[in-house]
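The numbers here are math on the coordinates, done by the rules we state, and not lab data. Note that the structure is predicted; figures quoted are calculated from it, not measured. Cβ sites come from the backbone with ideal geometry, for glycine too, and all protein chains shown count toward neighbours.
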Amino acid sequence: MKTAFNICLVLVILTIITACGSKRNPTGGPLDIEKPVVTASVPELYGDISQGKIEISFSKALDKSTITQGVYIYPPITNKKVSYDANTITLRINEKLEPNTNYFVTLTTRLKDTRGNPLDKNQTIIFRNGILADNRLSGKIIYELDEDRNSSVLLNILSSDSLTVMSETLLGKAYVLDALNARPHILRAYIDKNQNGRYDIQAEPYYEGVVDMKRFTTHDINLAYQDTTLAVIRSARSISNRELEVIFSEPITSYNSLKIKRIADDFELETQIINHDRERLSIITAEMDTSRFAIELTNLKDAKANQNKLSRIEFAGSSRADQTPPVVTSTLPRNGTSVNDLQPVLEINFSEIIPAANIRYRLLAPDKKEEIPLRILQYNHKTYKFQPSSPLQNYRSYTLQILSDTQDVSGNKLDKDFDLTFLPLFRQ
């Protein structure tokens, strides 16, 4: 009996030892991917820190080693003590602060919890020493690509000596930032499309600009992709024996010289009117023939300031005369509408270039007997802009007539008079 008891006791001990030797860490439970967020600050936003102490609390325990790299203060505070306890960063200030100045404590995504989860977003808490500096910066956010309009824009505001002042995440078509100090700032903004926490020059839109802060300052952020591609002439074609259309690979802002030469004998064809509209040139020339020609432009500059010293392309000339009469394609204002101006700018858009010498027009008073003097603000163009030389009468209808004698460079006339009737309704 005793032997049996001893055997049982040995088996129990072996079972316990085996169980202890195979002990494993728990495998269940969800992975912690929750990001820490700021839950409170003492003092609160725009609060006075003249007592020399700031506390910022978080929703989770932080990795202490990330605090040094994840927190920025501007203006810089040299003599300070930073401590961390119970999910709270405490900053004790041991120096005299600048009077009536806002201080910016920026918390970045380099700040992480004990599981490696970064702060949910870059953010800045603004405090004051003395009177709050309540200068406002606002403006539009302009996107080069429509697909970026719903993306978050990371904005860093730096001092004139490139120290971080604040960091914000922007959304939408406009932004407003309050409580900036009245001094020069550098703005740097980009869209972190691949979410790697930095600007990638080849793949992401970027903006940098300088703003001198006043009480109310407006400054637009124009997010554009880097472009090192040079603009070139993509195509050139003869529309008629007097008109040439040139298309560029992208919109251009300027060029230095333009020449058209016949290839066979290097004869230079005279250019009489040149209209530039972004990526298109419409050119009125002396009469061409069916020979081969070449057009070349020097110092083509695009919107990103890339400059192509020379672009050249060949094309076939045409001996076909233009027999199509011009037509008015649109107007501004629209016919029969009102304008909130007693000296409005009136735009007439034609289907082709109309030489200044070939346009016939008049502005008629309500009784259509008195002719009102007009200035031409834009001519030798597909779009003509007119403006009355003196203020019109309010609440009285006027008619701008483009007469049927108006003709294109080939002598084709409008089919009939065109009337643009409008009503000045000026409200101060």
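Of note:
- Label zone at Tyr225, where the point sits 7 Å out along the Cα-to-Cβ direction: the range 266-297 residues whose backbone N lies under 13 Å: none
- Net +/- balance of residues flanking Glu95 in space, Cβ distance below 12 Å, scoring K and R +1, D and E -1: +3
- Label-point separation, Glu95 to Lys173 (7 Å along Cα→Cβ), nm: 4.5 nm
- Residues Thr253 and Asp146, FRET efficiency given R0 of 22 Å [Cβ-Cβ distance, rounded to 0.05]: 0.50
- For Thr253, distant residues with modelled amide H under 5 Å away: Lys301, Asp302, Ala303
- Nearby lysines by direct alpha-carbon distance to Lys173 (threshold 23 angstrom, same-chain neighbours under 8 apart not counted): Lys121, Lys140, Lys193, Lys214, Lys304
- For the chain, the longest principal axis of the Cα atoms and the long axis of helix 2-21 meet at an angle of about 30 degrees.
- The charge dipole of the chain, taken about its Cα centre with unit charges on the Cβ atoms of Lys, Arg (+1), Asp and Glu (-1) only, comes to about 1520 debye.
- Radius 12 Å from Cβ of Leu158, net charge of other residues (Lys, Arg +1; Asp, Glu -1): 0
- Unit charges on C-beta of K, R, D, E only; dipole of the range 328-424, Debye: 100 debye
- Projecting the Cα atoms of Ser240, Ala305, Thr285 onto the charge dipole of the range 233-316 (Cβ charges, centred on the Cα centre) puts Ala305 farthest toward the positive pole.
- Relative frequency of Cα-Cα separations exceeding 31 Å in the chain, percent: 65 percent
- Loop-located trypsin sites (Lys or Arg not before Pro) in the range 232-334, at most 13 other Cβ atoms within 10 Å (DSSP): Arg278, Arg320, Arg334
- Efficiency of FRET from Cβ geometry, Ala357 and Lys309, R₀ 25 Å, rounded to 0.05: 0.10
- For the range 233-316, the fraction of C-alpha pairs farther apart than 23 angstrom is 16 percent.
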